[in-house]
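Reading through the structure tokens given below for one structure.
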Amino acid sequence: MTTDAPSHAAGPAAPADPGPTDAPSRRAIEVPLALTPLSEGDVRVHVSPVSNLAQLDAITATMRSFRQVEDVAVGAVAGEVVQLRVRLREPLAFAGQLRTRLGSAVVSVTAAADRLVVALDPTRTWFPDGPLVDAPTAPGGAPIRAVSPLVAAPGPTRTDASPGPAAAPAGRRATDVVVPGPIRASRALEDRAMPSDRASTPVRQAPPRPAPATAPAATRTPRAADGRPRTDLAADVLARNVLDAIPDTSVLVLDESMHFRAVAGTALAKAGFPRDVLLGRHAHEALPVLPWDVVEPACRAALRGDASALEFETLDRSGVFEATVSPVRDVSNGTGAVLVLRDVTTRRRDAAVIADADEMFELSFARAPIGKAIVAPDGRFLKVNDAFCRLLGHPEEALLEGDFRHLTHPEDLDTDEALLAETLEGLRDGYVLEKRYLHAEGRVVHAQLSVALVRESDGTPRWFVAQVIDMTARRQLEDELRTGTENDGLTGLWNRSRLHVELALRARESQRYGVGASLLAIDLDEFALVEETLGRARGDAFLRTVAGAIRSTVRDCDHCAHPGEDEFVVLLPHTRLTGASIVADRIAEALTTCDAPGLPPGFLRASIGVAELVPGMSAERWLHHATEARRQARRAGGGRAVMGTGPDADVPAPTPAG
């Protein structure tokens with residue numbers, strides 16, 4: 001049979017979109033609600049009249065309780081018409097489900113071209129009275145109940161209000177759906193202004209009823225169709241969306257009975273307490289993890305008009321919240337308490353981790369068995385530990401008044417300063433250096449210095465962290481070894497085997513830590529003349545003179561070797577190629593002062609090859625670079641130094657033995 005769709009006179013806009021007046025008349029087919037299928041996907045649903053957030057929450061919670069519904073989102077609000085986007089996971093007889101949940105509060109459900117239009121009875125309290133079938137439940141199994149306003153408003157008086165909806169014609173239910181054909185959910189619905197100006201399937205509406213007499217505007221209080229004070233629903237939705245966008249924050253409104261009347265924000269939802277679980281429930285029951293013995297007195301004070309702030313940890317110790325509690329008054333002139341919760345769990349835990357890390361650093365710094373210091377970019381000591389003070393024999397107060405320069409041996413200061421400057425310029429992250437310090441008693445302390453630079457987030461140097469290991473005992477042991485089987489019996493310098501062991505150690509150190517070093521290979525150009533003129537014995541004495549001249553030219557942390565005949569090798573730890581070339585020039589100049597009886601002054605010249613060790617270079621390749629550079633110097637006429645250029649140096653490879 002064919003009937004007109006029911007209509008109601010309340011509200012400024014009709015729930016269905018009438019077609020153009022000149023559209024051809026069609027026969028509308030009545031389809032039973034339970035047989036009206038929607039396919040899975042997104043479908044647009046227009047609901048009216050919806051006058052406040054409580055009603056909006058109830059209708060969205062009802063739709064979400066459908067087993068076939070995956071999500072419900074508010075798309076737009078115009079007056080009391082709300083556009084919802086309903087995402088279905090499987091087909092759904094939507095109208096039948098809605099009528100089952102809301103009963104006679106549903107006036108009609110009609111199908112337009114691209115949406116469903118749901119008209120509600122504005123004169124009825126359409127919140128469900130009992131638990132919903134398949135409705136979501138709160139923790140502990142309690143069903144979610146609908147929410148009333150903060151202070152319940154009396155029911156509307158019908159003497160001066162619009163009459164209710166027209167009675168349904170005989171043989172037809174007021175909630176039946178009138179559709180032109182099967183309803184399919186669109187997966188890509190456009191947003192359109194509401195009410196839509198598109199023509200929909202013509203639906204015959206009941207004739208309009210005459211408007212009732214109203215009081216003068218000056219004395220009339222704006223009220224919704226259900227008699228409650230009218231609110232700007234769009235503004236309310238926007239305000240709640242803004243609150244939901246604030247990270248780690250939830251806003252709760254409680255009435256005098258400690259029931260939640262409004263909920264917004266995401267902090268509690270992330271903790272497992274979404275809005276639908278909280279609305280309308282008693283605070284103690286809905287949020288049992290909160291310490292209400294602390295929070296409730298603050299809420300009671302807010303109901304009396306007093307604001308307060310507090311911080312607490314949840315009873316299950318899963319979170320920490322900052323809370324502010326203030327009085328609030330709703331549109332019905334009811335007083336409530338607004339509880340603003342900010343989840344500061346991550347912030348507090350990060351602060352605790354930082355505090356623990358700071359404490360661990362302080363303990364490891366203060367109790368370290370080796371010397372440690374925090375040094376400003378300009379070289380001043382900012383902090384030193386006890387081991388550093390004991391190493392140099394100075395009290396902490398004296399060290400903090402100076403810088404590292406006045407403690408460094410003058411011969412090592414240039415190298416330390418150069419590496420420090422390269423680190424500040426970003427050429428390196430830090431460096432390792434064997435250097436000499438000056439003890440408070442005047443003696444020399446041999447140490448290995450490891451330096452790392454700490455920068456600000458913008459890259460600005462903040463401070464240096466320095467570790468100092470006492471190497472004095474090791475150096476003394478090395479001095480003792482020089483007189484043993486690893487030293488040359490003629491000059492007291494390292495012999496060939498000790499030299500190869502040390503070169504291998506330096507190569508492994510460079511590969512692992514990125515520590516550099518340089519090598520000088522020295523050949524005496526005119527030594528054959530000495531032996532021919534003075535003989536073998538005086539030639540050996542002359543070699544000892546040369547060894548002393550070389551040893552007196554280099555630092556204490558440098559090492560000299562006499563592999564044999566007229567060859568010498570100098571190992572310069574933590575020295576770059578440019579610094580090594582300077583040392584080579586000094587040695588060449590010092591050797592010109594070595595005189596021999598019967599030979600002209602300054603007759604001795606040396607050919608010196610310089611090679612730098614870089615990470616990845618083997619000890620054999622390093623020595624070969626220095627030796628080949630020395631040969632090139634000698635072929636060029638002697639008396640000069642030739643520098644190699646690292647692992648990519650253009651020099652012949654070593655010739656295999658045999």
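Residues whose amide H falls under 5 Å from that of Arg605, counting only those 5 or more places apart or on a different chain, are Asp525, Glu526, with hydrogens built in the peptide plane. Between Arg474 and Arg544, the distance separating the two model label sites (each 7 Å from Cα on the Cα→Cβ line) works out to 3.1 nm.
Within the set of other residues whose C-beta is less than 9 Å from the C-beta of Arg630, count the net charge using Lys and Arg as +1 and Asp and Glu as -1.
-1
Straightening the chain between Asp293 and Glu256 buys 11.7 nm, computed as 0.36 nm per residue apart minus the Cα-Cα spacing. The tail of the calculated P(r) for the stretch 45-99, taken as Cα-Cα distances beyond 17 Å, holds 32 percent of the pairs. When peptides 624-637, 109-122, 537-550 are ranked by their average number of other Cβ atoms within 10 Å per residue, the highest-first order is 109-122, 624-637, 537-550. When Lys372, Lys270, Lys383, Lys435 are compared by accessible area of protein heavy atoms, the largest-first order is Lys270, Lys383, Lys372, Lys435, using a 1.4 Å probe. When the solvent-accessible area of the stretch 233-388 is split by element, carbon and sulfur atoms take up 57 percent of it, the probe being 1.4 Å.
Computed from backbone phi, the HN-Hα couplings of the stretch 347-354 come to 5, 5, 5, 4, 5, 5, 5, 5 Hz, rounded to whole numbers (Karplus: 6.51 cos²θ - 1.76 cosθ + 1.60, θ = phi - 60°; Gly and Pro given as x). This model, with +1 at the C-beta of Lys and Arg and -1 at the C-beta of Asp and Glu, gives the stretch 290-366 a dipole about its Cα centre of some 460 debye.
For Arg87 and Asp244, a Förster radius of 22 Å and the Cβ-Cβ distance give a FRET efficiency of 0.75, rounded to the nearest 0.05.
Taking Lys and Arg as +1 and Asp and Glu as -1, the other residues whose beta-carbon sits under 11 Å from that of Thr249 total -2. In this structure, Asp414 and Asp356 have a Cβ-Cβ separation that, at R0 = 60 Å, corresponds to a calculated FRET efficiency of about 0.90.
Extending 7 Å from Cα along the Cβ direction at Arg443 and again at Asp386 yields two label points whose distance is 2.2 nm. Between Ala78 and Gln83, the built amide H atoms are under 5 Å apart, and every one of these is 5 or more places off in sequence or on another chain. Per-peptide packing, taken as the mean over residues of other Cβ atoms within 10 Å, places 442-452, 422-432 in the sequence 442-452, 422-432 from highest down. Rounded to 0.05, the FRET efficiency of the Arg455 and Ala504 pair, given R0 = 30 Å and the Cβ-Cβ distance, is 0.30.
The share of accessible area on the stretch 579-638 that comes from carbon and sulfur is 52 percent, using a 1.4 angstrom probe. With all protein chains kept in place, the per residue accessible area of the stretch 76-125 amounts to 31 square angstrom at a probe of 1.4 angstrom.
The values are calculated or read from the model by the stated rules, or taken from the named source; none is laboratory data. Only a predicted model underlies this, so the values are computations on that prediction, with no experimental measurement involved. Cβ: placed from backbone, ideal geometry, glycine included. Neighbour counts: every protein chain shown. Please note that ligands, DNA and RNA were not included when accessible areas were found on the heavy atoms of the full protein model with its side chains. Shrake-Rupley method; radii C 1.70, N 1.55, O 1.52, S 1.80 Å.
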